[in-house]
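The values are calculated or read from the model by the stated rules, or taken from the named source; none is laboratory data. Quick caveat: nothing in here was measured; it's all calculated off a predicted structure. In this analysis, Cβ positions are derived from the backbone assuming ideal geometry, glycine residues included, and neighbour counts consider all displayed protein chains.
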Amino acid sequence: MSSKKIDATKLSTTEEKLLNSLVDKGIREIKPKRFGESIIYEGLEDLIKDNNYKEVMKLLKSLKKKEYLTEHNYDSAIFCPRCGSIQVFSKYNCPQCQSMSIEKIQLIEHIFCGFIGNRNEFEGPDGLVCPKCKTIIGDFLGAQNKKETEKNKQIRVIGSSFVCDKCGSKFEKPTTSHVCQNCKAAFTYREASYEKLPLYKLTDKIEILSPKRFERDALHQVEKIFSEKGYSVEIDGKIMGKSGVEQSFDLIARKNKNLILLDVSAWGRQTDLISLLGKKMDVDSQSIFLLDLGGNPNLSALAKPYKIVVLDGKDDKHMENLTTIIGEITDGAAEKRDSSFWKRGKK
Ligand SMILES: [Zn+2]
Ligand SMILES: [Zn+2]
Ligand SMILES: [Zn+2]
């Protein structure tokens, strides 16, 4: 059996626009968010007119098929089966007559004096008060906590049930139904549309559209940090290795006797770390960084024995961390460095 291969690269104009807009904004992950009557995908707000959720989903699914995006479980939502709104609220109903007009009754025991009564008999303006012994019990949740130290404040919930205002039935478990705030339709889980709201992540296939774009953007940010610390920075620089082969790094920063080398891994590939490790062996610098924009959780542990610092680009604080480390290197580490390295390193 043979299956026809889909043309994975051909993009519609809108699809291409969507991908380019993500790259321009530096967004690699798009999350669904409840917004008013509908769902929006963060970062795509300005892209699709009126943010038609169904249109957005169609685009995202198509880009997933073309392997520019991967889909991941994230959230689910109840949609009104009549108008499609997500402003849907849950209600409890009487299982006998379906009325929504039901009352919840909770039986409470005041352990201290043994009084048992309906919760509303305990309710006072400042929390619960025992109707029999007049002890001020206070907060309902706090009083149920076994850690409550004041013995006279302890209560126990004996049970809860419901009473229907309409037909008078008593029951423990109500049925659930939903009401749409927008069109007022009432419906149950049987009629409801229940849909998955996935999260989407860009794949490295985006490199076809914008080669090295994420690396470039990140490098310029890093360059700024080094410049502020008084370093001279070279992007796509080369250093003569001990082997006599020139080794290239995405960024080389120099200040006095300090030499810092940095590579960027756009997708957190292990091969990027291995390549950097190979270069490290040849140049023997103490300050070597890998900025991992893909946030691969394994890279840091793999790099540790080789004294390569991996910065997790998915961590909001990664630029802050880099600033701190550069500061430490600048202040103290220079003397420990192999000075002969410099003669070789200089062009
Ligand atoms: Zn009492
Ligand atoms: Zn009823
Ligand atoms: Zn509706």
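Anything in region 165-185 that is in contact with a Lys or Arg (Cβ under 8 Å, 6 or more places away or on another chain) and within 16 Å of ligand 2 (Cβ to nearest atom)? List them, or say none.
Result: T176, S177.
Among strands (runs of 3 or more DSSP E) lying entirely in region 73-156, which contain 1 or more residues that are within 16 Å of ligand 2 (Cβ to nearest atom)?
88-93, 102-110
I'd like the full set of residues that are within 22 Å of V163 (Cα to Cα) and acidic (D, E), limited to region 107-149.
E109, E121, E123 - these are the residues of region 107-149 that are within 22 Å of V163 (Cα to Cα) and acidic (D, E).
Right, T135: modelled with pLDDT of 90 or more, buried (at least 16 other Cβ atoms within 10 Å of the Cβ) and hydroxyl-bearing (S, T, Y) or not?
Yes.
Looking at E55, E123, E103, which one is farther than 30 Å from I155 by Cβ and away from ligand 3 (no atom under 16 Å from the Cβ)?
Criteria check complete, one pass: E55.
Could you list, in sequence order, all residues of region 157-204 that are within 16 Å of ligand 1 (Cβ to nearest atom) and surrounded by 13 or more Cβ atoms within 10 Å (Cβ to Cβ)?
V157
Can you tell me which residue in region 279-313 is surrounded by the fewest Cβ atoms within 10 Å (Cβ to Cβ), limited to those that are among the hydrophobic types (A, V, I, L, M, F, W, C) and more than 26 Å from the chain's Cα centre (by Cα)?
If we take residues in region 279-313 being among the hydrophobic types (A, V, I, L, M, F, W, C) and more than 26 Å from the chain's Cα centre (by Cα), then M281 is surrounded by the fewest Cβ atoms within 10 Å (Cβ to Cβ).
Look through region 132-146, keep the residues that are in contact (Cβ under 8 Å) with a residue 12 or more places away in the chain and of a type outside the set (A, V, I, L, M, F, W, C), and return whichever of them is farthest from E121 (Cα to Cα).
Here the answer is Q144.
Between L19, L47, L60, which is among the aliphatic types (A, V, I, L, M), modelled with pLDDT of 85 or more and in contact with a helix residue (DSSP H, G or I) (Cβ under 8 Å, 6 or more places away or on another chain)?
Only one candidate passes the filter, namely L19.
Can we say E223 is within 16 Å of ligand 1 (Cβ to nearest atom), outside the structural domain of I27 (by TED's automatic domain parsing) and acidic (D, E)?
The answer is no for E223.
Give the residue, chosen from C133, C97, C113, that is out of contact with any Gly (no Cβ under 6 Å at 6 or more places or on another chain) and away from ligand 1 (no atom under 16 Å from the Cβ).
When all the criteria are applied, what remains is C97.
Count, please, the residues in region 167-217 that happen to be within 14 Å of ligand 3 (Cβ to nearest atom) and of a type in the set (D, E, K, R).
Total meeting the criteria: 2.
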